[in-house]
1. Limited to the stretch B:213-226, what total is found for residues that are more than 11 Å from A:K59 (Cβ to Cβ) and at pLDDT 85 or above?
2. If you scan the stretch B:11-33, which residues turn out to be within 14 Å of another protein chain (Cβ to nearest Cβ) and part of a loop (DSSP other than H, G, I, E, B)?
3. Just to verify a result, which residue in the stretch B:49-85, among those that are in a loop (DSSP other than H, G, I, E, B) and more than 7 Å from chain A (Cβ to nearest Cβ), is farthest from A:V56 (Cα to Cα)?
4. More than 24 Å from B:S90 (Cβ to Cβ), assigned by TED's automatic domain parsing to the domain that holds B:P28, surrounded by fewer than 23 Cβ atoms within 10 Å (Cβ to Cβ) and touching a Ser or Thr at 6+ places or on another chain (Cβ under 8 Å) - does that describe any residue in the stretch B:149-159?
5. So is B:F83 outside the structural domain of B:P218 (by TED's automatic domain parsing), over 16 Å from B:F180 (Cα atoms) and modelled with pLDDT of 90 or more or not?
6. Does the stretch B:165-200 hold any residues that are crowded, with 22+ Cβ neighbours inside 10 Å, more than 7 Å from chain A (Cβ to nearest Cβ) and β-branched (V, I, T), and which are they?
7. Would you call B:L207 assigned by TED's automatic domain parsing to the domain that holds B:S89 and at pLDDT 90 or above?
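The values are calculated or read from the model by the stated rules, or taken from the named source; none is laboratory data. Given the structure is predicted, the values throughout are model-derived calculations rather than measurements. Please note: Cβ atoms are built from the backbone with ideal geometry, for glycine as well, and neighbour counts cover all protein chains shown.
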Amino acid sequence: MNWQPDAWGYVFIAIAGFLATDIWRWLGVVAGRRLREDSEVLNWVRAVATALVAGVVSKLIVFPTGVLESSPLWLRVGSIAVGALAFFLGRQVPAIGIVSAIAFLGAGLYLLGF
Amino acid sequence: MAYSADRDGEGTAGFWFLKGMQGIFSLPASILLISFVGFTAFAQQSGVPVDQAVFMTGIVWALPAKLILVGSIQSGANLFAAFVAVTLSSIRLMPMVAALIPEIRAEKTRTFVLLIVSHLIAVTAWVMAMERVQHVPRPHRVTYVLGLGMTLVIANMIVVGTLYQYVAEFPPIVAGCLFFLTPVYFLASIWSSGRHPVIHIALVVGLLLGPLATLYAPDFDLLLSGIVGGTLAWGLDVLRRRRLGGRV
């Protein structure tokens with residue numbers, strides 16, 4: 001860990017965080033009414049953006065940090081599977097999937113002696 | 001305009017700002033607050049100090065962007081690599097904002113105000129705003145979204161700032177579940193708010209490709225799962241539409 005909690009940290013966050021994010025929000029305002037919701041370019045942009053976030057999500061599941069680093073992979077993947085099953089059976093209400101996945105994970109961690 | 005004639009009957013700007021603020025008492029806002037407890041734990045475990053975690057929450061706001069930013073910091077990425085990874089994850093904000101603006105802008109709304117509103121937009125705030133502004137008179141929609149968004153941002157900054165010192169002392173099971181809440185929350189909310197099939201295809205492709213990319217190309221894993229995975233998902237969607245006989 002070579003991260004430093006000084007002014008450079010703030011500059012780093014401002015450039016790689018704030019600027020990198022708000023550029024798209026500002027462009028969104030500019031595009032406003034002109035952007036065509038059915039254009040093929042926008043479809044590709046949607047796909048890339050979603051796949052990127054999904055990549056981050058799967059990294060958190062497969063290669064977690066902290067407590068979960070020492071938990072078995074099958075428990076984490078199993079929790080996602082249980083949550084997904086509950087989510088789709090529960091008419092795709094997010095809370096149903098979230099509660100089921102976390103409950104399965106919590107129960108598994110308890111039984112494994114965490 | 002019909003609404004300008006009876007504007008007095010629609011309540012004041014202050015009323016609609018408060019109405020927007022009340023959005024904090026809702027299920028999506030509650031899930032978001034708990035997810036930010038998870039983010040707090042992630043930031044703390046990644047060595048990001050509390051003041052920077054709070055700063056990041058206010059200035060970046062979008063949770064996926066912050067996760068990638070903290071992930072980049074954790075893995076020692078340089079400024080350029082971090083910028084590219086974060087900015088790629090944030091492209092999705094552009095169509096989200098572009099879709100919301102026509103819903104909320106009134107004739108006299110200034111671009112400057114819309115730029116401020118746009119900063120408050122992230123997945124949860126966007127989903128809530130798109131649903132709720134339909135019940136708000138058009139002249140007050142921007143005010144309503146300002147109340148909603150600013151309250152969400154400030155509440156989560158307070159959550160990060162106050163809980164940072166406690167997340168390290170959480171029992172292991174609680175810490176583990178909080179960490180896991182973020183990925184689970186994103187999967188559920190992106191799937192349920194995704195109105196285009198290509199989003200669902202990209203979510204599945206990205207999920208499968210992410211760990212493989214980390215194993216085989218750890219330096220470029222996020223770019224790889226984003227650009228390669230996204231293009232693959234888009235291609236699959238084009239094929240799907242062809243098979244359905246629709247236009248491509």
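1. Initial filter on the stretch B:213-226 (more than 11 Å from A:K59 (Cβ to Cβ)): B:216-217, B:219-220, B:223-224, B:226.
So of that shortlist, the ones also at pLDDT 85 or above come out as B:216.
The qualifying residues number 1.
2. Our first condition is that a residue be within 14 Å of another protein chain (Cβ to nearest Cβ); within the stretch B:11-33, this holds for B:26-33.
Hit for the stretch B:11-33 is B:S26, nothing else.
3. Restricting attention to the stretch B:49-85, the residues satisfying the condition of being in a loop (DSSP other than H, G, I, E, B) are B:49, B:60-62, B:75-78.
Then drop every residue that is not more than 7 Å from chain A (Cβ to nearest Cβ), which leaves B:61, B:75, B:77-78.
Working: B:W61: 17, B:S75: 14, B:A77: 15, B:N78: 18 Å.
Filtering first and then ranking leaves B:N78.
4. Looking for residues that are more than 24 Å from B:S90 (Cβ to Cβ), assigned by TED's automatic domain parsing to the domain that holds B:P28, surrounded by fewer than 23 Cβ atoms within 10 Å (Cβ to Cβ) and touching a Ser or Thr at 6+ places or on another chain (Cβ under 8 Å), one finds none in the stretch B:149-159, hence no.
5. Working: outside the structural domain of B:P218 (by TED's automatic domain parsing): yes; over 16 Å from B:F180 (Cα atoms): yes; modelled with pLDDT of 90 or more: yes.
When the stated conditions are applied, B:F83 passes them.
6. Correct list: B:V167 only.
7. Values: assigned by TED's automatic domain parsing to the domain that holds B:S89: no; at pLDDT 90 or above: yes.
When the stated conditions are applied, B:L207 does not pass them.
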